[in-house]
1. Within the group PRO324, PRO235, PRO248, which residue is in contact with a Cys (Cβ under 8 Å, 6 or more places away or on another chain), over 22 Å from PHE95 (Cβ atoms) and open to solvent by less than 50 Å² (accessible area, probe 1.4 Å)?
2. Within region 12-58, which residues are under 25 Å from LEU79 (Cα atoms), of a type in the set (Gly, Ala, Ser) and in contact with a strand residue (DSSP E or B) (Cβ under 6 Å, 6 or more places away or on another chain)?
3. Which count do you get for residues in region 185-205 that are surrounded by 14 or more Cβ atoms within 10 Å (Cβ to Cβ), part of a loop (DSSP other than H, G, I, E, B) and out of contact with any Leu (no Cβ under 6 Å at 6 or more places or on another chain)?
4. Counting only residues that are at pLDDT 95 or above and among the small types (Gly, Ala, Ser), which one in region 113-131 is nearest to LYS61 (Cα to Cα)?
5. If I ask for residues that are assigned to a loop (DSSP other than H, G, I, E, B) and touching a residue at least 40 places away in the same chain (Cβ under 8 Å), which ones from region 272-302 would you list?
6. Determine whether region 144-152 contains at least one residue that is touching a His at 6+ places or on another chain (Cβ under 7 Å) and part of a loop (DSSP other than H, G, I, E, B).
7. Here's a check for you: in region 136-166, which residue that is under 12 Å from the mean Cα position of the chain (by Cα) and either closer than 12 Å to ALA67 by Cα or of a type in the set (S, T, N, Q) (or both) is most open to solvent (accessible area, probe 1.4 Å)?
8. Do we have any residue at all in region 207-218 that's open to solvent by 90 Å² or more (accessible area, probe 1.4 Å) and touching a residue at least 60 places away in the same chain (Cβ under 8 Å)?
Amino acid sequence: MSIEQILKKLVSFRTVTSDLKENKKAILWLKNEFKKFNLYLNEHNFNGYISLVATTQRTKKVDFFLAAHIDVVPGPDNLFSLRKEKNKLIGRGVFDMKFAIACYLKLLEDLKEELKRYNFGIMITSDEEIGGYNGVKALLEEGYRSKFCFLPDGGNEFLIEKGAKGVWHLIIESYGKSSHGSRPWEGLNAIDQLTDFLIMLRKEFVSEPCKDKLHYHNTLNIGKIEGGEVANKVPDFAKALIDIRFMPQENKLKLKNKIYKIKNKFKNIKIKEKVFGDSYEVDVRNPYIKTFVDIIEKRFKVRPSFIISHGTSDARFFASKNIPVIVTRPKGGGHHSDKEWVDIKSLNNFYLVLKDFVRSFKK
C-alpha cells in the first residue's frame, strides 16, 4: 500500500480519545498489519487506553523508537473520510498525527527483508490528546527504553524542535460573602476579588503583541471565568481557569513562588492544580540529531532550523528519562480544526528522510 492508501484507512477510524472502543479497533487493525512483518508485539491497557509496541527484536530496550499517537480530537463526519485537494490531503488526523503511523507502516513494507538487522520499536498510543499519562508515560514506567526517540508531533518542514514550553493549568477559586446588590458594603464580591488577582497576575507575564516574533517567553491565557447568579446579588464564589506556558529555563518552584506571592495578598483566594507538564530541551549536538540533520541537508540542500515549541507533546516523557527526541513533521496545518491538512509532496519527502535515517542504523 502507498502512504496515501494507508492514511486513508487510518483516517476512517474515528479514534477520538474518549472512544476507547474505536481506538481499540484501530490498534487491532495495526496489530494485524504488523504481524505480516514478524515483529514482536505487545499490547498494553492502562485505565482503558490501548497502546501497541512492536519491536524488531524481543526486548524492551531498543536503539530507537518511532512513536506516534492514534487518537484525535472530535470533528464533523466528513473529516473522517480522506480527501485530496490539489497538493493537499485533508482529514482528521492527517497532520496530528496519523501521517506518521502511515509512514511507519510503509517503512516496514520497504524494509521487510532486512528488519532483523535492526533493533528498533514502533510505539503507538491512544491518549496523547488528553495528556499521554496512560500512554507514553505509562509505557516508559513499564521499562521501555531507547537511545533516542523519533516523534513527529511538532515542528514543520525543515524545522526541528529543540525543546518545548511546559504547560501548567490552574483553577483559581475566589470565596466571598453574599448580600443584596443594592448593599454591596454588606458583602464581599468574589468576582471583584478574582479579577483583582488576575490583573496582578497578568503583570507578571509579557503583554501581547510583543516585540519577540518567536514569542520565546512565558505566557498566560485566562481561558474561562465564571461566578455569580443574578445582577442584584453580590456573588460569594467565582473561579477562573488559566493556562500558563513556560520556557525550558524556567522551573516550577520559581513560577509557583511568583504566583503565590500574589495569592498571599488575597486571603480568600485558593489555587488548585489541574494539569502540569514539564518543559524540556535537547542538545542539538547529539549525534542522532546531527545524523538526521545531515541527511536532510544532503538530500534537499537545506540546513534545518531549530525552534522551541509553544505546545506540548509526549516528547516530554522521553526527555524526562534522558532520552533525546527528534520532533519534526511535514508541511501541514489546521490541526484541531475543520481544515486539517498535510502537503503531499512534503509528506513524501519526509518519508524519504525517515527511511534514510532508519537505514543508517542497519547492523
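The values are calculated or read from the model by the stated rules, or taken from the named source; none is laboratory data. No experiment lies behind these values; they were computed from the predicted model shown. Cβ coordinates were reconstructed from backbone atoms using ideal geometry, including for glycine residues, and neighbour counts include every protein chain displayed. Side chains included, ligands, DNA and RNA excluded: accessible areas come from the protein's heavy atoms. Shrake-Rupley method; radii C 1.70, N 1.55, O 1.52, S 1.80 Å.
1. Details: PRO235 fails: in contact with a Cys (Cβ under 8 Å, 6 or more places away or on another chain); PRO248 fails: in contact with a Cys (Cβ under 8 Å, 6 or more places away or on another chain).
Answer to the selection: PRO324.
2. Matches in region 12-58: SER51 only.
3. So the answer is 3.
4. Taking the candidates together, the pick is GLY121.
5. Narrowing region 272-302 to residues assigned to a loop (DSSP other than H, G, I, E, B): 278-279, 282-286, 301-302.
Across region 272-302, the qualifying residues are ASP278, SER279, VAL282, ASP283, VAL284, ASN286, VAL302.
6. If we filter region 144-152 for residues that are touching a His at 6+ places or on another chain (Cβ under 7 Å), which is where we start, we get none.
Within region 144-152, not a single residue is touching a His at 6+ places or on another chain (Cβ under 7 Å) and part of a loop (DSSP other than H, G, I, E, B).
7. Among those residues, the one meeting the criterion is ASP153.
8. Restricting attention to region 207-218, the residues satisfying the condition of being open to solvent by 90 Å² or more (accessible area, probe 1.4 Å) are 208-209, 211, 213-214.
Then keep just the ones that are touching a residue at least 60 places away in the same chain (Cβ under 8 Å); that gives 214.
Yes, because at least one residue in region 207-218 is open to solvent by 90 Å² or more (accessible area, probe 1.4 Å) and touching a residue at least 60 places away in the same chain (Cβ under 8 Å).
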